[in-house]
1. State all residues of segment 39-51 that are over 21 Å from residue 101 (Cβ atoms) and touching a residue at least 12 places away in the same chain (Cβ under 8 Å); if no residue qualifies, say none.
2. List, please: which pairs have Cβ atoms under 6 Å, are six or more places apart or on different chains, and start with a residue in segment 85-107 that is farther than 27 Å from residue 10 by Cα and end with one that is surrounded by fewer than 18 Cβ atoms within 10 Å (Cβ to Cβ)?
3. Go through segment 27-69 and give me each residue that's touching a helix residue (DSSP H, G or I) at 6+ places or on another chain (Cβ under 9 Å) and more than 19 Å from residue 151 (Cβ to Cβ).
């Protein structure tokens, strides 16, 4: 292990979106982040916000005239065909509960469910578990937020720190 940067730690992950207000509303109102800072950078006509929840920070930009997310980047499996940054991942105690909450919302879309660690991701027509459902609770899942960004949620017990 290198000790060249003993004080190195993760600070934030950044996103570019078409509508910063939509991003901020979802990530504060649904996911529980708080706005830490907001700015407008006039020389590059860009709005910026930092959101924070515990040690997790999100930086989001709205740049005038920016290109939309290409279609092949809107699904985790097809996104892997292009090199580069993929998606943020957050852990929760109960991934199935998070899946149940997000799957009924109109402003995001479930794009894949992993029922057991190591199993392939699958798209399910109805990821909510019924009373006698034979499927195990979700170990992880992917969703698109209202801005089209792919996000992964994992059950902390299956993916420990």
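1. From segment 39-51, those over 21 Å from residue 101 (Cβ atoms) are 39-50; that's our starting set.
Correct list: 44, 45, 46, 47, 48, 49, 50.
2. Close Cβ pairs satisfying both conditions: 96/137; 100/128; 103/128.
3. If the condition is that a residue be touching a helix residue (DSSP H, G or I) at 6+ places or on another chain (Cβ under 9 Å) and more than 19 Å from residue 151 (Cβ to Cβ), then 38, 47, 48, 63, 64 are the ones that fit.
Quick grid of which residues meet (1) under 19 Å from residue 141 (Cβ atoms); (2) surrounded by 15 or more Cβ atoms within 10 Å (Cβ to Cβ); (3) assigned by TED's automatic domain parsing to the domain that holds residue 116:
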position	(1), (2), (3)
24	no, yes, no
35	no, no, no
83	no, no, yes
90	yes, no, yes
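The values are calculated or read from the model by the stated rules, or taken from the named source; none is laboratory data. These figures come from a predicted structure and were not determined experimentally. Don't worry about glycine lacking a Cβ; one is built from the backbone with ideal geometry, like all the others, and counts go over all protein chains shown.
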